Amino acid sequence: MGLLVVGEPLNWEDTKKHAEYKTGGLFLRSLNLNTSAQELIFPPFPQQIPYRREHGLEQLIHIYNQYKDRCCDTLKWGDEVEYMICRGNEAGKKIQLVLKGEDIFEELDCEQQDELWRPEYASYMLEGTPGQPYGGTLNDLLKVERSMLRRRKQVEAKLEENEYLVAYSTFPRLGCEKFTIPEVVINDPVTDNPFTQSEFFPERAINRHPRFPTLSQNIRHRRGKKGHKKYASNISNLLNSVDMLSSPDKLIPMTPIMLAISAASPIFRGLLADVDTRWSVISASVDCRTEEEKGSVPLKNDKYVIPKSRYASVSSYLMDENQKYNDMKLVINPEAEKKLLDAGMDPVLATHFAHLFIRDPVTLWGNKIYLDDEKESDHFENIQSTNWQTLRFKPPPPNSPIGWRVEFRPMEVQFTEFENAAHSIFIVLLTRVILSYHLNLTVPISKVEENMKRAEHRDAVLKQKFYFRTNPDEETPKILELSCDEVINGGRGFFGLIPYMRKYLDDSGTDIKTRCKILSMASV
């Protein structure tokens, strides 16, 4: 879920006016951040509108300077699981999505709950997270499934007869005729769906929070034409707060592996597809690039040719020592990079964020234009949070006890809490193994890109081979093409991730009961 704000979102034309910085812009602070832009008090002298990208960089610089020396935090982590609300008829022969997610969220939000809930893009969806972060002990790993089961029970208590809470990556009949309750018929996409103009997905099924339909409309307007058919998919994310840049780098090669292992989207709009994942479908749905940015026509009005959608795989490593593996051209915003470097930011991080800042913000709120850059981060987050990469490096919110974070994003949600907990535990345990044994899983970023393409193939978990480093404890990499089974369990000279985890649990002195339970889940 992205940044949610109370207020009135601007359309793309108005958002575009605020996207770029121009010299001479003047910062104005709102006396009341809940007032609209029209109600702000302006000084009696000429000024220009403050532009979002520039102020996003200012906010990032303040956050960086505030937290750049922070260290030694203990591990805190959590998970996000998105659910769908379904209803079956008495005969059990028809399943539809129920458009009541916002109503249930409001009920849950008003009650004292052990878990946390958030609205999501579609009005038949809910996003659940643990009420408190998990800690760094091995016993914390055993809390995950219990938390997920509590979430299910909380929502199921609000459902009517024949209604079900389903964790499923993509509803198989999404976009088919009358796939929702209430049933919606699309007669004219332009008049019935003015924001998306989708022929198959009714806007009644979009969350009524104004961010979501406006986001869809602004993406469509920015690229200048209708995109691919609109699908709303569910995503299971793992949020892992690790205070070392080496962990993001070493987890990047795992993103395609885990996408293939968790692949759970073989059906779209009632048709069996030749892929098993939803990754490319969502990527196309939120691709706001113009024809110039795609390289289809020469650059004239736009600045960059951008190789990928804003929902895509990671494009570079962050550690100095891993720059030799960045063997693909990285498109950056040179003005953003210079500003960050001049402010003293680490050069590799400056390049990373300059890459994110080649994008425009696609949502802007009229009452959140004029902000205090030392206390707010909305302008930065409107760039950061709409770069949906397989792994995201997240700075702390300003003036917050929260530390630096890593978001591991490629995994698809599974049917059962046991499976979703298993995938979450596997990644967290892998971070402990990597840090404890100083393992280096990095391979050239071009190999990761190729692995992502292979991960989307049908039956990739069984049939595809992936470029993987078989000597993670050595400096010079030996890279072979391994199956998922060989990566996880070992083979062809690679020790295997599960054997490493067994060794870690043995070396940690874990008791037999806890060890067996953890391994039973991590080995799924």
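Quick look at the numbers
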read-out: Segment 448-524: GluC sites (Glu not before Pro) falling in loop per DSSP and having at most 15 other Cβ within 10 Å; value: Glu474, Glu475
read-out: Spherically averaged projected area in nm², based on the convex hull that wraps the Cα atoms of segment 307-351; value: 3.6 nm²
read-out: For segment 62-169: lysine pairs under 26 Å (alpha-carbon distance), excluding those fewer than 8 apart on one chain; value: 11
read-out: Qualifying chymotrypsin sites (Phe, Trp or Tyr not before Pro) in segment 345-452, DSSP loop, other Cβ atoms within 10 Å at most 14; value: Phe415
read-out: Relative contact order of segment 42-199, pairs being alpha-carbon contacts under 8 Å that are 6 or more residues apart, as %; value: 24 percent
read-out: Extension gain (nm, one decimal) between Thr137 and Glu335, 0.36 nm per residue minus Cα-Cα; value: 66.9 nm
read-out: nm² value of the averaged projected area, convex hull over the Cα atoms of segment 452-512; value: 5.4 nm²
read-out: Pairwise label distance in nanometres, Lys300 with Cys72, each label 7 Å out on the Cα-Cβ vector; value: 6.0 nm
read-out: Range of Cα positions in segment 105-184 per principal axis (Å), largest first; value: 49, 27, 23
read-out: Net lengthening on full extension, Ser385/Ser436 (0.36 nm per residue, minus Cα-Cα); value: 15.3 nm
read-out: Over the chain: helical MRE at 222 nm, DSSP H runs n ≥ 4 each giving -39500 (n - 2.57), nearest 500; value: -10000 deg cm²/dmol
read-out: Computed over the chain, Kirkwood Rh from alpha-carbon pairs, angstrom; value: 24.3 Å
read-out: Gap separating the Cα centres of segment 452-521 and segment 261-289, nearest whole Å; value: 26 Å
read-out: Glu161/Ile402 FRET efficiency (R0 30 Å; Cβ-Cβ; nearest 0.05); value: 0.15
read-out: Alpha carbon convex hull of segment 407-514, volume per residue in cubic angstrom; value: 126 Å³
read-out: Rh by Kirkwood over Cα pairs, then Stokes-Einstein D for segment 318-468 at 1.567 mPa s and 4 °C, µm²/s; value: 70 µm²/s
read-out: Kirkwood Rh and Cα Rg combined as Rg/Rh, segment 137-204; value: 1.19
read-out: Cα pair distances of segment 97-137 binned at 5 Å [whole percent]; value: 6, 23, 27, 19, 12, 7, 4, 2
read-out: Distribution of pairwise C-alpha distances over segment 437-481, 10 Å bins, in %; value: 29, 45, 23, 2
read-out: Kirkwood Rh, Cα atoms: Rg over Rh of segment 49-110; value: 1.29
read-out: Dipole in debye (nearest 20) - the chain, about Cα centre, beta carbon charges: Lys, Arg +1; Asp, Glu -1; value: 1020 debye
read-out: Only Lys, Arg (+1) and Asp, Glu (-1) charged, at Cβ; segment 407-524 dipole about Cα centre in debye; value: 160 debye
read-out: Label-to-label distance, nm, for residues given as His457 and Ala91 (7 Å Cα→Cβ offset); value: 4.2 nm
read-out: The chain, relative contact order [Cα under 8 Å, separation at least 6], %; value: 20 percent
read-out: Under 15 Å from Lys300, Cα to Cα: aspartates and glutamates that are on another chain or at least 8 residues apart; value: Glu291, Glu292
read-out: Length added when fully stretched, Val190-Phe418, from 0.36 nm per residue minus Cα-Cα; value: 77.8 nm
read-out: Of the GluC sites (Glu not before Pro) in segment 109-169, those whose Cβ has at most 15 other Cβ within 10 Å and which sit in DSSP loop; value: Glu111, Glu160, Glu161
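Quick note: the coordinates plus some simple rules give every number you see, no bench work behind them. These numbers were taken from a predicted model, which means no experiment stands behind them. Glycine gets a Cβ as well: all are built from the backbone with ideal geometry, and neighbour counts include every protein chain shown.
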